[in-house]
Structures are given as C-alpha cells and as structure tokens.
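A.B. asks: Before I ask anything, here is the structure I am working with.
The values are calculated or read from the model by the stated rules, or taken from the named source; none is laboratory data. Since the model is a prediction, treat every value here as computed from it, not as a measurement. Quick reminder, even Gly has a Cβ in these numbers, built from the backbone with ideal geometry, and neighbours come from all protein chains shown.
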Amino acid sequence: MRSCVFIHTNHKQLVGALVSSYSLKRNSAQPDQFDVRIINSDDYPFLQSREGQPFLREGKTRRWYYEDLQSFTPLRFMPPELMGYEGRAVVIDPDVFAVGDIGELLGRDMKGKALMCKPRASEKRFASSVMLLDCAKLTHWHCERQFNELFELKRDYMDWISLLCEPEETIGLFEDEWNHFDTLNAKTKMLHNTKRRTQPWKTGLPVDFTPGEKHRKRARLGILGRLAFDLFSREAPIVYERHPDPRQEQYFFTLLRECLEKGLVSEELLREQMRRNHLRHDALAMLEHLRPLAA
C-alpha cells in the first residue's frame, strides 16, 4: 500500500491546506511515491452534529462550536481508518508546510512504535499536529466514536489531542524540525505556523477564535462570575497580527503564488476566501510584490 500524507482542515483553513499539499510534493525528491489527501471537516457530519453541546476539556466542560478555527482537530485520528488500518501515514495540520522532504519521514525506522511525534516543551504531553503513523498498530483509533466520548464525559479533549490516552511505550519521538513551531532555519523540515494570532495568510483579519488564556480565566469562575466575565470582558475586535519573521510570511506566499501559476488554486477561489475573511484581503497584492527568498 502506498503511503499517504493527510492534511486535516475545515473551511476556514482551506487555503493553508491547499498550499500545504503543494509544498509536500514540491519539496520531495520522489513525489510519486506517496499520496496526499485533504480531510475536510465538512465531509464528516458528526463534527457538526454536536454544535453547542458541552464536552470535556482539561477537566472542565466547554461548548463545541463547529465554526471554531480549529474544529478539524479530532480528524487527526481519522487516517488509520481511511487507510484500512494498513501501511504508513503522516497526518499534519493545515498550517504546516514542507521545507524538507516528507519522504524521509515516511521512510523512517519507527523501531516498532505505533506512532512518532515530538514532545511538547516543558509539558508532559505530545504534539499531535504532525504524526507519523503505523496504521496497523492503531486499530483502536475510531475517530467518531472517540469524539462522541468527549460529550459523554468519558474522554478529555486535551488528554486525547496530547496523546495521553496512548500507552507511552508505543510513542516514538522525532526531531523538532519535523514540526518546527514558527521557526524557519537551515534545520527546518516542516514549518508549523502554530501561533494562530500571527498566521501569515490571516494578517489584518478579525480574530475568529477565543484565545486560550480567556477560556482559562473564565473556567476558574463560578456561574455568576462567568456571566459577569462575559458581560464586562468584551473588548474591541482583535485582529490577526503580522508574523514576526518576514521570511515565513514570504515562504507561504511564494508557495501560494506557485499554486496559482500552476493552476492548483484559482484567483476566483482566493477572492472568495478573502470575502469570507479566511484569507487576508491584500493576498493578491502580496503575490505581486514578492521578492526572492534569501539563501
């Protein structure tokens, strides 16, 4: 069975997913040796069926909203099913872009582990945003069933997404550069624009997610406290900021321009994404004024 790289996304991050897909083939020495497949949350009705319902996260209940920027994250656990529990797969977020050759990761000696990823810094958790999977060893992954367990309060979202539900001995570690958080240097294999507020294709748009620190402050309050917090913590609209590293902004738009030139995305699609506030409104102007990437 051919290996496959899966990019999970929703309608808000579709442009990122398309650029990511292109980057994987573009930067591989053997692009015909693996498939790339986008998993779109719109194709999985179970994610929308729980709209507004409470689920368990970090020991507290929060409400599930399909319009959240990252409502696609449960689909990280879908690839083994889609592969028929056979072969190897890599699954990545739609804000991850290949700089190196993904074929090197797909061919990695996994030393008998079921999956490989990188650890979270200063946390006893794992980063599941880029994973190498041996699908035959993950027959216990059933995405829809386990998603529903969040709402039955049998499974905690953060434990699930941080891989704390997996036996630790089945998890192998790879180098940081295969999931390089907002870092682009000579070692980078996969660039992950993980800081949502500074994703390069969103600059200037109104922020369409609730910052984690606000959730944490609200969660510590009682019912009356939460009502007061919601009433008095309304602020002026927050916008996405420019990425602090111009090279990462330039890298994304270089890839996007190549996608446009090769007919992999259309100007019509980009204009529609701008109208929907999913792509910065000066995106086409950015493509016109790109400078060559520095060596």
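A.B. asks: Does region 86-100 hold any residues that are closer than 21 Å to V15 by Cβ and either acidic (D, E) or assigned to a strand (DSSP E or B) (or both), and which are they?
C.D. replies: Across region 86-100, the qualifying residues are V90, V91, I92, D93, D95, V96, F97, A98.
A.B. asks: Further question on the same structure: Kindly provide the set of residues from region 1-58 that are within 13 Å of the chain's Cα centre (by Cα), surrounded by fewer than 20 Cβ atoms within 10 Å (Cβ to Cβ) and not in a helix (DSSP H, G or I), ordered by number.
C.D. replies: Scanning region 1-58 gives I38, N40.
A.B. asks: For region 68-106, what are the residues that are of a type outside the set (A, V, I, L, M, F, W, C) and either modelled with pLDDT under 95 or in contact with a Pro (Cβ under 7 Å, 6 or more places away or on another chain) (or both)?
C.D. replies: Those that are of a type outside the set (A, V, I, L, M, F, W, C) and either modelled with pLDDT under 95 or in contact with a Pro (Cβ under 7 Å, 6 or more places away or on another chain) (or both): D68, Q70.
A.B. asks: State whether the residues of region 67-85 include one that is under 18 Å from the mean Cα position of the chain (by Cα), closer than 25 Å to N193 by Cβ and part of a strand (DSSP E or B).
C.D. replies: no
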